[in-house]
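Taking it in order: structure first as structure tokens, then the write-up.
Since every read-out is calculated from the coordinates, none of them should be taken as a lab result. Computed from a prediction, not measured in an experiment: that's the story for all the values here. Here the Cβ positions follow ideal geometry from the backbone for every residue, glycine too, while neighbour counts run over all protein chains shown.
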Amino acid sequence: MKHRTFIKSSLLVIASLLIINLFSGYTSDNPSLAVMTKVIQDVKKKMEAADWTKADKGDMLYNGNQVRTAKKSLAILKFKDNSIVRLREESELTIHGEGQRGTMTKQAHLYKGSLGFDVQKQGNEKFRLSSPTSVASIRGTKGKWSSGNGYDTLVVTEGLVNLRNLVSNNEVDVGAGFVGFSDETGSVTSREATEQELNQAANAAIGGTLNELKLELQDPEGNKKELKLRYKQ
């Protein structure tokens with residue numbers, strides 16, 4: 001009787017340890033970095049040294065895992081720090097993580113397509129978006145990241161992002177309301193985003209539409225100044 005009780009207790013301990021390792025998000029060898037919170041239509045995932053398989057809501061994603069979406073498909077990935085990546089249709093990315101919890105560097109490497117991002121303030125951690133051509137360092141911001149055929153586009157709706165070209169190592173800071181461009185020739189530039197670009201970025205990042213309200217203000221001396229207010233609807 002005591003022997004059976006001991007076995008039962010041991011199995012419960014082992015099961016508990018497995019559950020902790022699965023959901024705590026950090027193991028010594030290959031920590032879980034994110035979870036699939038939504039899967040629409042045809043979404044597949046790939047573990048290292050394995051074939052592509054169907055992705056489902058609730059699937060855990062680890063260092064080196066890949067995710068891809070087919071036409072009219074969407075995958076939403078939620079990282080341990082509550083940052084959100086919305087992988088748009090016909091896109092493919094790999095997620096990476098280096099370091100320990102609290103000082104980890106997380107990276108979403110986009111091979112093709114586009115994604116919306118809503119990255120939380122990182123504290124001592126780092127969050128990067130990358131492609132074969134560029135890397136965007138994010139501290140906490142929202143926007144859209146697109147890549148394909150050696151050309152990257154970054155639209156920022158909130159916060160500030162440093163965009164660096166991996167060919168020339170040149171970089172530019174892209175602030176809220178601006179769009180950055182980086183290509184395989186080594187060029188990296190930015191300009192003010194159009195209202196359409198901001199709306200598309202807002203929809204990609206958080207599923208809403210960013211609107212702009214323009215107000216004309218006048219001080220007691222009669223000087224006029226235009227004020228732009230952006231809000232999500």
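Cross-link pairs exceeding 24 Å between alpha carbons, from the set LYS45/LYS121; LYS46/LYS80; LYS38/LYS106; LYS45/LYS144; LYS54/LYS126; LYS57/LYS106: LYS45/LYS121; LYS54/LYS126. May I ask you to derive the FRET efficiency for ARG101 and GLN41 from their Cβ-Cβ distance with R0 = 22 Å, giving the value to the nearest 0.05? Once rounded, the FRET efficiency stands at 0.10.
In loop segments of the stretch 94-143 as defined by DSSP, there are no trypsin sites (Lys or Arg not before Pro) with at most 12 further C-beta atoms inside 10 Å of their C-beta.
Summing charges over neighbours of ALA136, with a neighbour being any other residue whose Cβ is under 12 Å away from its Cβ, gives +2 when K and R count +1 and D and E count -1.
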